[in-house]
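The values are calculated or read from the model by the stated rules, or taken from the named source; none is laboratory data. Since this is a predicted model, take the numbers as computed values, not measurements. Heads up, the Cβs are rebuilt from the backbone with ideal geometry, glycines too, and the neighbour counts pull from every protein chain shown.
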Amino acid sequence: MIAAPTPFPETTPYWEAAAREKLLLKQCASCGEYHFYPRALCPFCFSDRTEWREASGRGTIYAFSVTRRAEIPYAIAYVTLAEGPTMLSNIVDCDLDAIRIGQTVKVVFKPSESGQLVPMFTPA
Amino acid sequence: MSRNGFAYIAGIFEHPTRKADGKSLALLHAEVAKGAIEDAGLSKNDIDGYFCAGDVAGWDARGAGPFSIIDYLGLRLRYLDSTESWGSSYLVHVAHAAEAIAAGKCRVALITLAGRPRADGFNTGTSVASDGLSAAEAQFELPYGPTVVNLYAMCAMRHMHEFGTTSEQLAWIKVAASHHAQHNPNAMLRDVVTVEDVVNSPLIADPLHRLDCCVISDGGGALIVTGPEIAKSLKHPPVRVIGAGYAPKHQMGGKIDLTYCGARWSGPRAFAEAGVTPADIKYASIYDSFTITVLITLEDLGFCAKGEGGAFVADGNLISGIGKLPFNTDGGGLCNNHPSNRGGMTKIIEAVRQLRGTAHPKVQVKNCDLALAHGTGGALGTRHGSATLILERE
């Protein structure tokens, strides 16, 4: 079962968007950098002028590992988004033994324990 | 630390237990403290500085932090440092103690570590955290099932992808540790293993096998750090702290690179302070939560070039008496002991044994006058603190 995220007041737009099957990213209006995970203050320049952007949902697998010693084996992964930042996620709806670094993936949304949808990725 | 502000590790103790069913965490801390004080030839009332991390009994009790254990041990202090850097805390404590002693803030510092995760049945490597929800990243990570082992496994996977590192090369690190552990009567795993044994053991999280992972053990350790006057009046050969470096590494706002760790920064800082190079080091204690931890750390410390760690560790190069860089001659976390899931303390202790010339004769490095100890606290794949110490026998 997917553990439910516990949002902060300042991250609720991310989770509300996820509920509508949209992946949001933060981009800094001062330095122009995207970052992940989303913060109110830019982790690069500390500006408070960070703005939500809708991500393309496309990316490539930077690294992954299939956890074999689990009730149901699963693939944890770092996915590098088309916009630049790399985020932790799972690779789902595929043959776990066929996952490769560099593979292109697209975002999908899966319900967690609370019903809140969370972004995951599947081969594109 | 300044060149005229040297401090010395004058007392060491590693608890012999590996499963502490009959002992509380508080008692384990007391026993290791007593052991190190006696090893130094001092008494408890000589201690005026105390250093501990989040493994101490009572840490989570309301309003307690380090005070519960100080009360229990009956320490009367003028200096306290409870820097928490997980498994690397104790190397940081040595550096901080050296600075405090040089500044005249205390004279004799005690550092303790203890834990009983094995007696408590804690699935250290394979359980997903369910607490720490005030951590800003928790909501963006916990839904995906991060565990200690799969976070390190992703580093191994990426290293293999970029540099062609193989499971067989990683296995050599465990093989070397097992060669050393056979001589340690307290080691949890004393059987010598082969590369085949490692790669044929069950996969826990690809590409890490069971034998790529460290043990889960109970026990602990303690150190006494003091200034030159006291250290040179005691019975053991003085072991001087000549260099220390520290660096946390994190996800860099999403600019993630799993092929290196904080040792890339802590190592050069320690070497520069000590005025020595990796080629000068006779013995290295390298944090070995997993085989991949050792490989990436060795590269980042400069023992070989980035990407060449696989070739460097292969063919017994880390085995004392055989290879060029004897490492973890107590068997390390992979075979001997990983008390409280924090391996930094035992790394320092074995380095001091090597410098004193009191490691097991089968693994003692000849003329060992310069050693390195490195600790990694946290997870290589997300956030961790790297601490490097360089120690010299006078």
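The table below gives the values:
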quantity: Unmet criterion (only one of (1) surrounded by fewer than 22 Cβ atoms within 10 Å (Cβ to Cβ); (2) touching a residue at least 12 places away in the same chain (Cβ under 8 Å); (3) more than 9 Å from chain B (Cβ to nearest Cβ); (4) of a type outside the set (A, V, I, L, M, F, W, C)) for A:GLY84; calculated: (3)
quantity: The one condition in (1) under 19 Å from A:VAL92 (Cβ atoms); (2) at pLDDT 95 or above; (3) not hydroxyl-bearing (Ser, Thr, Tyr) that A:MET1 fails to fulfil; calculated: (2)
quantity: Residues (buried (at least 21 other Cβ atoms within 10 Å of the Cβ), assigned to a loop (DSSP other than H, G, I, E, B) and facing chain A (nearest Cβ under 9 Å)) located in region B:246-262; calculated: B:GLN251, B:ILE256, B:LEU258
quantity: Filter result for the condition that a residue is touching a Gly at 6+ places or on another chain (Cβ under 7 Å) and at pLDDT below 95, over B:ALA64, B:ALA36; calculated: B:ALA64
quantity: Residue check for B:VAL192: of a type in the set (Val, Ile, Thr), surrounded by fewer than 21 Cβ atoms within 10 Å (Cβ to Cβ), more than 14 Å from every other protein chain (Cβ to nearest Cβ) and not in a strand (DSSP E or B); calculated: yes
quantity: From A:GLU71, A:GLU16, residue being within 19 Å of B:GLN139 (Cα to Cα) and surrounded by fewer than 20 Cβ atoms within 10 Å (Cβ to Cβ); calculated: A:GLU16
quantity: Selection within region B:352-370 - under 14 Å from B:HIS180 (Cα atoms), hydrophobic (A, V, I, L, M, F, W, C) and surrounded by 24 or more Cβ atoms within 10 Å (Cβ to Cβ); calculated: B:ALA359, B:VAL363
quantity: Within region B:146-164, considering residues that are surrounded by 22 or more Cβ atoms within 10 Å (Cβ to Cβ) and of a type in the set (Gly, Ala, Ser), the one nearest to the other protein chains (Cβ to nearest Cβ); calculated: B:ALA153
quantity: Options A:SER30, A:SER65, A:SER56, A:SER114: the member that is of a type in the set (S, T, N, Q), without any contact (Cβ under 8 Å) to a residue 24 or more places away in the chain and over 30 Å from B:ARG210 (Cβ atoms); calculated: A:SER30
quantity: Selection within region A:1-29 - among the hydrophobic types (A, V, I, L, M, F, W, C), part of a loop (DSSP other than H, G, I, E, B) and more than 20 Å from A:PHE121 (Cβ to Cβ); calculated: A:PHE8, A:ALA29
quantity: Qualifying positions in region B:33-81 - charged (D, E, K, R) and outside any helix (DSSP H, G or I); calculated: B:ASP48, B:ASP55, B:ASP60, B:ARG62, B:ARG76, B:ARG78, B:ASP81
quantity: Flag if B:LEU75 is in contact with a Gly (Cβ under 7 Å, 6 or more places away or on another chain) and not assigned by TED's automatic domain parsing to the domain that holds B:ASP288; calculated: no
quantity: Candidates B:SER178, B:SER167, B:SER130, filtered to the one that is closer than 24 Å to B:ASP218 by Cα, crowded, with 17+ Cβ neighbours inside 10 Å and in contact with a helix residue (DSSP H, G or I) (Cβ under 9 Å, 6 or more places away or on another chain); calculated: B:SER178
quantity: Residue within region B:82-89 that is touching a Gly at 6+ places or on another chain (Cβ under 9 Å), without any contact (Cβ under 8 Å) to a residue 40 or more places away in the chain and in a strand (DSSP E or B) present; calculated: no
quantity: Residues of region A:32-90 satisfying the condition of being over 14 Å from the mean Cα position of the chain (by Cα), part of a strand (DSSP E or B) and hydroxyl-bearing (Ser, Thr, Tyr); calculated: A:THR50, A:SER65, A:THR67, A:TYR74
quantity: Test: residue in region B:152-161 that is assigned to a loop (DSSP other than H, G, I, E, B) and modelled with pLDDT of 95 or more; calculated: no
quantity: Single unsatisfied condition, B:VAL193 versus (1) in contact (Cβ under 8 Å) with a residue 24 or more places away in the chain; (2) in contact with a helix residue (DSSP H, G or I) (Cβ under 8 Å, 6 or more places away or on another chain); (3) hydrophobic (A, V, I, L, M, F, W, C); calculated: (1)
quantity: Some residue of region B:137-145 being more than 7 Å from chain A (Cβ to nearest Cβ), farther than 30 Å from B:ARG240 by Cα and either out of contact with any Gly (no Cβ under 9 Å at 6 or more places or on another chain) or modelled with pLDDT under 95 (or both); calculated: no
quantity: Verdict on A:PRO111 being exposed (fewer than 14 other Cβ atoms within 10 Å of the Cβ) and either modelled with pLDDT of 95 or more or under 16 Å from the mean Cα position of the chain (by Cα) (or both); calculated: yes
